[in-house]
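Structure, as structure tokens:
The values are calculated or read from the model by the stated rules, or taken from the named source; none is laboratory data. Just so it is clear, the structure is predicted and the values come from calculations on it, not from any experiment. Counting neighbours? That spans all protein chains shown, and the Cβs are built from the backbone with ideal geometry, glycine included.
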Amino acid sequence: MTMYNNQLGQRSSGVGFRILIAGFILISGFVTYFCSTQVNPVTHETQHISITPQQEIQLGLQAAPEMAAQMGGELPGGDRREAEVRAMGQKLVSVLPENPYSFQFHLLADAGTVNAFALPGGQVFITEGLYDKLTTEGQLAGVLGHEIGHVIHRHAAEQMAHQDFYNAIVAAAGVAANDQRAAALANYVAQLRGLKFSRGDELQADEWGLQVMTAAGYDPHQMLQVMAVLQQLEASGTGPEMLSTHPLAQSRIDRINDYLQQHFPRGVPAGLTPGGPLPQGGGGFLRGG
Ligand SMILES: [Zn+2]
């Protein structure tokens, strides 16, 4: 902008040029968004996504260390809870339908934050704060299954496509400031941090979680126990992070009850169990090994 102001003779052609560029960015934003539809390889829904599953995996791997560092870092290997999270994650992955993702499960040493989240491509995290509020394997299966649902449904990639589209509009509107779009792309990984899923995304992830935990042999009613934990947090006004990214527990509880009634009208089969008790923290003999 200043470049053109310094050169009076080019000012008018500069304005024309900028309008041209703005138009180009706006159109390419529209084209990119509306042309980049993909059919989800697992759910078969049509989605506006501009990156490949391989790129999702790459982005997730790139962002994982930073995300982990922000929440206390990973628990040391040898902690029985960390081993449990990894083992449960792999158990759930083993019952998933064929998919292009590469799942890894992490327990983060943040006892003060109650949260779980997933990066695109399959990096899944649960904080110590949430883990320690769970009591059964089935509850952990529900939490991890929910996060797996976000990955399979490609919710992050969808949000990023929306964000791209939005960035294109912003860039077109304010194109006088150069390279906004380039800067936006450079911030891709940073965006992942502030990603917010919609209420619909959350309910979809819950449903996926119920399916996965059931396939792995756990009673889906355990998901209601997880919701009871969240509801307690809501009542106490703590756990702002979980609450800002997840809809009110009661609306999720209602949907879970609908699901249970629909899929198990005569009660869940006897083979589905709550699972055993989870290993607890606080100095198990394997700790720190
Ligand atoms: Zn979620």
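Can you say whether LEU96 is under 19 Å from GLY73 (Cα atoms) and away from the ligand (no atom under 15 Å from the Cβ), as far as the supplied structure shows? Considered against the rule, which asks whether it is under 19 Å from GLY73 (Cα atoms) and away from the ligand (no atom under 15 Å from the Cβ), LEU96 comes out as no.
Would you pick out the residues in the range 122-148 that are in contact with a strand residue (DSSP E or B) (Cβ under 6 Å, 6 or more places away or on another chain) and polar (S, T, N, Q)? Within the range 122-148, GLN123, THR127 qualify. Residues that are in a helix (DSSP H, G or I) and either in contact with a Ser or Thr (Cβ under 7 Å, 6 or more places away or on another chain) or farther than 17 Å from ALA205 by Cβ (or both) do occur in the range 139-155, at least one of them. Counting the residues of the range 92-126 that are under 15 Å from ALA69 (Cβ atoms) and more than 17 Å from the chain's Cα centre (by Cα) gives 2. Considering only residues of the range 69-93 that are surrounded by 18 or more Cβ atoms within 10 Å (Cβ to Cβ) and free of Cβ contacts under 8 Å to residues at least 60 places away in the same chain, which is farthest from GLY149 (Cα to Cα)? Ranking the qualifying residues of the range 69-93, first place goes to LEU75.
Each row is one residue, and each column tells you yes or no for (1) modelled with pLDDT of 85 or more; (2) over 28 Å from GLY149 (Cα atoms); (3) not assigned by TED's automatic domain parsing to the domain that holds GLY121.
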{"site": "GLY16", "(1), (2), (3)": "no, yes, yes"}
{"site": "LEU20", "(1), (2), (3)": "no, yes, yes"}
{"site": "ILE27", "(1), (2), (3)": "no, yes, yes"}
{"site": "VAL31", "(1), (2), (3)": "no, yes, yes"}
{"site": "CYS35", "(1), (2), (3)": "no, no, yes"}
{"site": "VAL39", "(1), (2), (3)": "yes, no, yes"}
{"site": "SER50", "(1), (2), (3)": "no, no, yes"}
{"site": "PRO53", "(1), (2), (3)": "yes, no, yes"}
